[in-house]
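Just so it is clear, none of the values below were taken in a lab; they were calculated from the coordinates. From a predicted model like this one, the values you see are computed outputs, not experimental measurements. So basically every Cβ, Gly included, is an ideal-geometry build from the backbone, and we count neighbours across all protein chains shown.
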Amino acid sequence: MKRACVSLMILILLMPSACSPALEPDTTPTSTPSLQPSATPTPSPSPSPSPTPPPDVEFTDLRLLPDKQVGDWRVIGLITNRSASPMIDPRVAITLMSNDGAPLVTETVPIIFAHLAPGESSPFRAVFPSVGLASDIRVALHSNHEGSIQRAALEVDILNTGRTSRGSVAILGSITNPGNDPVSITALALTAQDSSRRALGVALPYAMPGSMRGGESAPFLALLEIDAGASSYAAYVDAVAARGILDPQPISLDGSPRLKLDSQDHPIAIGSLKNVSDNAYLASLTLTISYQNEWVSVSQIDTPIPLGPGEKRAFSMTEFPGMDAILQDAAWSLEDLHLDVRIDPTLVGSEVTQAIPVELEILSYERIGTFTFIRGTVTNPYTHRVYNATVMTSLRYDWGYLMTAAWVVAAETLSTGESADFVLAIPIPANSTPRYAEFDTWAAAVQNPADGSPPMQLP
């Protein structure tokens, strides 16, 4: 019954005349008014969305400095985000001006930080070769993207400095993550300052950690291209919270790394990596040499192509900037030095596409000084473009002991069927006997998954 009553009520609402008394026609005469054209109402214009105002930024510490050659210039400065929103990948336009105020040349460069939260500052720099006489600069924000930042605060300490053989200044320091969560470090910069805190130059990292666990400290080394007699340094770090760290770590050391010297007493760090996981991963290493428990130099190795599941890969490093200057007054020997190799923690979601072999042709071997050089070509045999075509070699004695190793990126990209020449320099430790060892040399590259289906070899 309830359902019937509800239906009835609906009928009454929809058809009211069915139950209403019949209406009699109205016979009262009516006058028909004259019809006037009705005015069509003019719709009010909808307000157009106002463009997002450009962020408010402030430029300070702007310096126009002569570079190494006459007519070459360096521009350094500091940009501060004075707006209420984060800035992502900001770029600045820098114009050099002549004596009469006319623009000479303009360059658009990214600032050193990829993320700039409200109130934060980042250095920037640009080099202008062969400009001639310049007297002033103009700087403006060129572009910027909106986004969010989950900032991580790190602590930076400067420990030592030393002049390199190329005339630059090596700045040795440490970075500490005081928090409990992992972080990803995207940029590091040091502004060299004089006694009046005026900027003299910007030092960029030669070696630094890319990711850190909570509570961890790690060394870094930055290079200032020109020794300007700095009395202090201001540190800037672009670090953000990381999603997490894989546990257990997929990349580890395969045995203990060793420190050797070549015949000219230059250090050679030698070791091997292994991938113990089921996925392909890249690896980043910082190699630190210590003397009497104090760091004297840091170097960095980034694998250009990933290590596949179960793969082992030997490595070496010969560049340790500033070490000679820091140890110049010390009577050291190889036994006094200690090598520590730190592998960056692998972050969650860091797996990559596995490397694929490319064709390798070796043309010659040649021993010159403390190196053996391998010359040859690599060729892309696939139907897709490949990237970071890399030649790798290891030199082992008959019983499997690793003497040395090296790799070189022959080409950043190779189109289908394209070839590239390479020269691979392999450091040879002193007192070793390469004639009793055997080279294991191979070449590989990576494919961009965005290029489509897996590559097929050319017929």
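Our summary gives region 330-459 a relative contact order of 30 percent, counting only alpha carbon pairs under 8 angstrom and 6 or more residues apart. Dipole magnitude for region 251-343: computed about the Cα centre from +1 point charges on Lys and Arg Cβ and -1 point charges on Asp and Glu Cβ, it is near 420 debye. Here the sum of -39500 (n - 2.57) over DSSP H runs of 4 or more residues, divided by the residues of the chain, equals -1000 deg cm²/dmol at 222 nm, to the nearest 500. Candidates Thr303, Asn380, Leu246 compared by Cα position along the dipole of the chain: farthest toward the positive end lies Leu246, with charges placed on Cβ.
Legend: calculated FRET efficiency, Asn99 to Glu335, from the Cβ-Cβ distance at R0 = 51 Å, rounded to 0.05, equals 0.25.
Any chance you could give the angle, 0 to 90 degrees and rounded to 10, that helix 2-14 forms with the longest Cα principal axis of the chain? Once rounded, the angle reads 70 degrees.
For Leu253 and Phe439, a Förster radius of 30 Å and the Cβ-Cβ distance give a FRET efficiency of 0.85, rounded to the nearest 0.05.
The modelled label-to-label distance for the pair Tyr401/Ala430, using points 7 Å beyond Cα in the direction of Cβ, is 1.8 nm.
Given the alternatives [x] 26.2; [y] 23.6; [z] 27.2, Kirkwood radius over Cα pairs in Å as computed for this entry is given by [z]. Magnitude of the charge dipole for region 356-451, about its Cα centre and with charges confined to Cβ atoms of Lys, Arg (+1) and Asp, Glu (-1), is about 260 debye.
Roughly how big is region 155-241's charge dipole about its Cα centre, with Cβ charges of +1 (Lys, Arg) and -1 (Asp, Glu), in debye to the nearest 20? Numbers along the way, then the final one.
Values: 5 positive and 8 negative charges, 46 e Å.
It works out to roughly 220 debye.
The spacing between region 314-330 and region 270-285, judged by their C-alpha centroids, is 25 Å.
Around Ser432, with a cut-off of 14 angstrom between Cβ atoms, what is the net charge of the other residues, counting Lys and Arg +1 and Asp and Glu -1? Value of the local net charge: +2. Placing unit charges on each Cβ (+1 for Lys and Arg, -1 for Asp and Glu) gives region 191-344 a dipole about its Cα centre, and among Thr288, Val237, Ala314 the Cα reaching farthest toward its positive end belongs to Val237.
Stretching Thr80 away from Ser148 to a fully extended chain increases their span by 22.8 nm, per 0.36 nm per residue minus the current alpha-carbon distance.
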